[in-house]
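The values are calculated or read from the model by the stated rules, or taken from the named source; none is laboratory data. Remember, it's a predicted structure, so these values are computed and weren't measured experimentally. No Cβ is skipped: glycine too gets one built from the backbone with ideal geometry, and neighbour counts run over all protein chains shown. Just so you know, the surface numbers come from the protein's heavy atoms only, side chains and all, with ligands and any DNA or RNA stripped out. Shrake-Rupley method; radii C 1.70, N 1.55, O 1.52, S 1.80 Å.
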Amino acid sequence: MDYNHALDMAIQRLHDEGRYRTFIDIEREKGAFPKAVWNRPDGDKQDITVWCGNDYLGMGQNPVVLAAMHEALDAVGAGSGGTRNISGTTAYHKRLEVELADLHGKEAALVFSSAYIANDATLSTLPKLFPGLIIYSDELNHASMIEGIKRNGGAKRIFRHNDVAHLRELLAADDPSTPKLIAFESVYSMDGDFGPISEICDLAEEFGALTYLDEVHAVGMYGPRGAGIAEKIGEMHRIDIFNGTLGKAFGVFGGYIAASAKMVDAIRSYAPGFIFTTSLPPAIAAGAAASIAFLKTADGQKLRDAQQLHAKVLKMRLKALGMPIIDHGSHIVPVVIGNPVHTKALSDMLLAEFGVYVQPINFPTVPRGTERLRFTPSPVHDLKQIDHLVRAMDALWSRCALNRAEASA
């Protein structure tokens, strides 16, 4: 086999479909986010504003977080030096897990190297703990959840997105004595819609199922202390296992689960994705703990309120221009383009001509025909930057529409 030719063909398919991913090399400047510098391919530098980041509240630049990381770095150095079982557990990791357990009202928490690994490792391990377990999974669950469910070797059922009636049918069709778990999300990141948490918890109680809720795009963002949608609607006590990230609203890096002490102990003891992975650097753990503690306070609520306001302003102004946005009331602002080539072209023009950085979102992240630009306004975007973005979209939308019309003529 000509391996190089096979690689060329695989990459060329992505180019032909218009969904080849290009990395944009940027430099964030401390204290200036969402402003950054784009290192252009031609060697020049250009000032830009980041509109597609997941540092939803700007906590990656928060002085409280940076101070905690500096303190830990100066105190203990860079890396953890091992897995959690072999020399890699420190006071910083323990403090972080205490903060997380408290955040979600659970007995314990367990930190992983990412929320992806936390999902994959936990969902693939659960059938070892509950033989015969059936996992019922929303069809739009994140890839990490899908991968974990696929790898666990157990039975699975896929229910239509947010379709509680379909979920009930699937639960009712299985043996009542079989262990069951329902896996779903609180905020689905591409459309920004919400999972029906209360209704799913009702079904879980009726059919004796465990609940597994991914709050990755909600932690830090919703609820009086930033625990997520389940906290906001008063349903945290009905969730058996929470999954969350430290790399989005908390502004640092890593992932976790929070659950009962027994559940966490079992996952800690059986999940290869936890056992055989070097633990987070202490400075990262320290920064994450400081971020969580900060967002539990009134100051954290001010950031959440400002973020929600800016998201509403951006949606209102884009709607006024007739833009095809998806609005489910969350902090995520998707503008559907519907074609990968056009989406990439619009993204490139926004960056080069207006200094607006937003990455195209294509298949397989979203279904074909729903390609989009996904804007994530934050408290540190100001109204002047929102106005600049809206004016840029208005100018380029008309031009792109004209180009599409000429191409199809």
- Query: Which parts of the range 55-72 would a label at Ile26 reach, counting a residue when its backbone N lies under 15 Å from a point 7 Å out along Cα-to-Cβ?
  - Reply: 55-61
- Item | Computed magnitude of the charge dipole of the chain (debye, nearest 20; Cβ of K, R +1, Cβ of D, E -1) | 280
- Note on the structure: Rounded to whole Å², per residue accessible area for the range 1-81 with a 1.4 Å probe reads 65
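Quick one: if the Förster radius is 25 Å, what FRET efficiency do Glu199 and Phe363 give, using the C-beta to C-beta distance and rounding to 0.05?
The calculated FRET efficiency here is 0.25.
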- Message: Starting from the 7 Å offset along Cα-to-Cβ, what nm value, one decimal, do you get for the label separation of Ala91 and Tyr270?
- Response: 3.5
- Note on the structure: Placing each pseudo-label 7 Å from Cα in the direction of the beta carbon, Asp102 and Asp174 end up separated by a distance in nanometres of 3.7
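How much space per residue, in cubic angstrom, does the convex hull of the C-alpha atoms of the range 71-158 take up? Show your work: numbers first, answer last.
Values: hull volume 11.9 nm³, N = 88.
Each residue corresponds to 135 Å³ of Cα convex hull volume.
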- Task: Give the range of the longest stretch in the chain that excludes all GluC sites (Glu not before Pro) found in loop regions by DSSP and having at most 16 other beta-carbon atoms within 10 Å.
- Result: 140-409
- Query: Accessible area per residue of the range 103-193 at 1.4 Å probe, in Å²?
  - Reply: 38
- In nm, spacing of pseudo-spin labels at Lys302 and His161 (7 Å Cα→C-beta vector): 3.7
- Message: Students often forget the sequence filter, so: which lysines lie under 25 Å Cα-Cα from Lys30 once same-chain residues fewer than 8 apart are removed?
- Response: Lys45, Lys248, Lys296, Lys302, Lys384
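Cβ under 13 Å from Ala67's Cβ, Ala67 left aside: what net charge do those residues give with Lys, Arg +1 and Asp, Glu -1?
Values: positive: Lys30; negative: Glu71, Asp74.
Summing Lys/Arg as +1 and Asp/Glu as -1 gives -1.
With r as the distance between the Cβ atoms of Asp8 and Ala352 and R0 = 35 Å, compute the FRET efficiency 1/(1 + (r/R0)^6) and round to 0.05.
Numbers: r = 28 Å, r/R0 = 0.80.
After rounding to 0.05, the efficiency reads 0.80.
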- Message: Can you tally the net charge around Phe274? Count Lys and Arg as +1, Asp and Glu as -1, for every other residue whose Cβ sits under 9 Å from the Cβ of Phe274.
- Response: +2
- Item | Semi-axis lengths (Å, descending) of the ellipsoid that matches the C-alpha gyration tensor of the range 202-268 | 21, 16, 9
- Let me have the 222 nm mean residue ellipticity of the chain computed from DSSP H runs of 4+ only, each contributing -39500 (n - 2.57), with the sum over all residues rounded to the nearest 500. -14500 deg cm²/dmol
- Task: Could you pull the Cα extents of the range 26-112 along its three principal axes, largest to smallest, in whole Å?
- Result: 49, 30, 22
- Query: Ignoring ligands, DNA and RNA, what percent of the accessible area of the chain is carbon or sulfur (1.4 Å)?
  - Reply: 56
- Item | Note, ³J(HN,Hα) from phi for the range 9-14, Karplus 6.51, -1.76, 1.60, rounded to Hz, x at Gly and Pro | 5, 5, 5, 5, 4, 5
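Looking at the chain only, what percent of DSSP beta bridges run antiparallel? Nearest 5 please.
Values: 27 of 47 bridges.
For the chain, the DSSP antiparallel bridge percentage is about 55.
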- Over all alpha-carbon pairs in the chain, figure out the percentage whose distance exceeds 36 Å. 29
- Query: Which residues' amide hydrogens lie under 5 Å from the amide hydrogen of Gly254, considering only partners 5 or more residues apart or on another chain, with H built in the peptide plane?
  - Reply: Ala115, Leu246, Gly247
- Item | Mean-position separation - Cα centroids, the range 332-391 and the range 67-123, in angstrom | 34
- Task: Apply the Karplus parameterisation 6.51 cos²θ - 1.76 cosθ + 1.60, with θ equal to phi minus 60°, to every residue of the range 322-327 and state each ³J(HN,Hα) to the nearest whole Hz, in sequence, with x for glycine and proline.
- Result: x, 5, x, 8, 9, 10
- Task: Enumerate the calculated ³J(HN,Hα) couplings along the range 39-50 in order (Karplus 6.51 cos²θ - 1.76 cosθ + 1.60, θ = phi - 60°), each rounded to whole Hz, writing x wherever the residue is Gly or Pro.
- Result: 7, 5, x, 7, x, 7, 10, 9, 6, 9, 10, 7
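Step by step: find N for the range 269-322, compute 2.2 N^0.38 Å, then divide the Cα radius of gyration by it. What's the final number?
Details: Rg = 19.0 Å, N = 54, 2.2 N^0.38 = 10.0 Å.
Normalised by 2.2 N^0.38 Å, the Cα Rg of the range 269-322 equals 1.90.
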- Farthest towards the positive end of the dipole of the range 285-371, among Thr365, Met349, Pro334 and with Cβ unit charges of +1 on Lys and Arg and -1 on Asp and Glu, lies the Cα of Pro334
- Hey, in the GNM for the chain with a 10 angstrom Cα cutoff, which one of Leu129, Leu167, Leu389 fluctuates hardest? Leu129
- Item | Solvent-accessible surface (1.4 angstrom probe) belonging to Ser279, in square angstrom, nearest 10 | 10
- Task: Would you please calculate the Kirkwood hydrodynamic radius of the range 139-225 over all C-alpha pairs and express it in Å, rounded to one decimal?
- Result: 13.8
- Message: Check which residues have an amide H placed less than 5 Å from Val333's amide H, if you skip close sequence neighbours.
- Response: Phe375
- Tally Lys/Arg at +1 and Asp/Glu at -1 over every other residue whose Cβ is under 10 Å from the Cβ of Asp191; what's the total? 0
- Task: List the residues whose amide H sits under 5 Å from the amide H of Tyr136, counting only those 5 or more places along or on another chain, with H placed 1.01 Å from N in the peptide plane.
- Result: Arg157, Leu181, Ile182, Ala183
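Semi-axes, largest first, in whole Å: what does sqrt of 5 times each Cα gyration tensor eigenvalue give for the range 227-328?
On the way: eigenvalues 214, 58, 47 Å².
In descending order the semi-axes read 33, 17, 15 Å.
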